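To start, the structure under review is shown below, and the notes come after it.
The values are calculated or read from the model by the stated rules, or taken from the named source; none is laboratory data. Note that the structure is a prediction, hence the values are computed from the model and not measured. All Cβ positions, even for glycine, are placed from backbone atoms using ideal geometry, and neighbour counts span all protein chains on display. The area values use the complete protein model at the heavy-atom level, side chains included, leaving out ligands, DNA and RNA. Shrake-Rupley method; radii C 1.70, N 1.55, O 1.52, S 1.80 Å.
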Amino acid sequence: MRTRTLGPYEVGAVGYGAMPLSIEGRPDGARAVATVHAALDAGVTLIDTADSYYAPGGEPGHNELLVARALASYGGATDHVLVATKGGRGRTGDGGWTVNGDPGHLRRAAEGSLKRLGVEALGLFQLHKPDPDVPFAESLGALRELAEEGKVRAVGISNADTGQIREARSILGDLLVSVQNRYSPAVRDGEPELRLCAELGLAYLPWSPLGGISRSALDGPGGPEARSAFHTVAEARGVSPQQVALAWLLTLSPTLIPIPGASRPASIRDSAGAADLVLTGEELALLP
């Protein structure tokens, strides 16, 4: 798989978002582990997780424990795999999401992640979402302290606007290596943040990158009219529209690394193929 730079790391151009393995509708444990193994087999070297990826009423850290178990049981080398985790969010009993950017909470979150992942330092620790009730600088200060103590090697932020990205850069300096925001064919309001990350040399990790791409457009609720240019290009290439969408995302910025989710081995193998799918100028002209 082709690679891209993420701070001090070189990772596969397509990563893997492990959240679907632990939240509502998750697969059984065997299929979950098989999905992580399929990602590794396909050349994925960036796995995204978080302490808040668990089903309502479940145990925080489910996804981190699962990822750690999958890496430990993998038959090949995994020392080159970057596990990126996040702290600062949680779940409510009814399926909602909480936000907590308190420095003490972030420290406890990081230390819990260290134990669950079984590592001495987190390769990439990201603030999951700015907390409107906590000064952003205080949350960032906690991440900086964790890095200075050697518990975190690199820092990222998520769901941040351009002002927050610039503030994070001023506080964290070169410790800040990534921004994880939503971006997909259907959701493109993150364009300013995407461009700023390219300008600053920060990795941009779009979450939910396949939004707007129906797996079976002709069979879905929208009928034939739901067919998009991504489906047209995919049909001509003999690949999935999801793979085309990810390949298109890779053309938007040299620092962009999509992290598509998957709950089946076949899905992540297909997504990983986008790293080596080079779209022509004519194909890109067709895509919105």
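Does S52 satisfy the criteria of being within 18 Å of the chain's Cα centre (by Cα) and more than 18 Å from P258 (Cβ to Cβ)?
yes
Is there any pair with a first residue in region 177-192 that is in contact (Cβ under 8 Å) with a residue 24 or more places away in the chain and a second that is surrounded by fewer than 20 Cβ atoms within 10 Å (Cβ to Cβ) and assigned to a loop (DSSP other than H, G, I, E, B) whose Cβ atoms are under 6 Å apart and which are 6 or more apart or on different chains, and what are they?
Going by the 6 Å Cβ cut-off, the qualifying pairs are R182/S208; S184/S208; S184/G211; S184/G212; P185/G212; A186/G211; A186/G212; V187/G211.
Quick grid of which residues meet (1) at pLDDT 95 or above; (2) surrounded by fewer than 16 Cβ atoms within 10 Å (Cβ to Cβ); (3) within 30 Å of G163 (Cα to Cα):
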position	(1), (2), (3)
L205	yes, no, yes
I257	yes, no, yes
G261	yes, no, yes
P265	yes, no, no
L284	yes, yes, no
P288	no, yes, yes
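Would you mind finding the one in A72, A32, A50 that is among the hydrophobic types (A, V, I, L, M, F, W, C), farther than 22 Å from A275 by Cα and open to solvent by 70 Å² or more (accessible area, probe 1.4 Å)?
The conditions single out A72.
A110 is checked against (1) over 19 Å from the mean Cα position of the chain (by Cα); (2) assigned to a helix (DSSP H, G or I) and fails just one. What number does that condition carry?
A110 satisfies all of (1) over 19 Å from the mean Cα position of the chain (by Cα); (2) assigned to a helix (DSSP H, G or I) except (1).
Please work out which one of (1) closer than 22 Å to L143 by Cβ; (2) of a type in the set (A, V, I, L, M); (3) in contact with a Lys or Arg (Cβ under 8 Å, 6 or more places away or on another chain) is the condition L46 fails and give its number.
Of everything listed in (1) closer than 22 Å to L143 by Cβ; (2) of a type in the set (A, V, I, L, M); (3) in contact with a Lys or Arg (Cβ under 8 Å, 6 or more places away or on another chain), L46 misses just condition (3).
Quick one: which helices (runs of 4 or more DSSP H) lie wholly within region 226-281 and hold at least 3 residues that are in contact (Cβ under 8 Å) with a residue 12 or more places away in the chain and in contact with a Lys or Arg (Cβ under 9 Å, 6 or more places away or on another chain)?
By residue number, 241-252.
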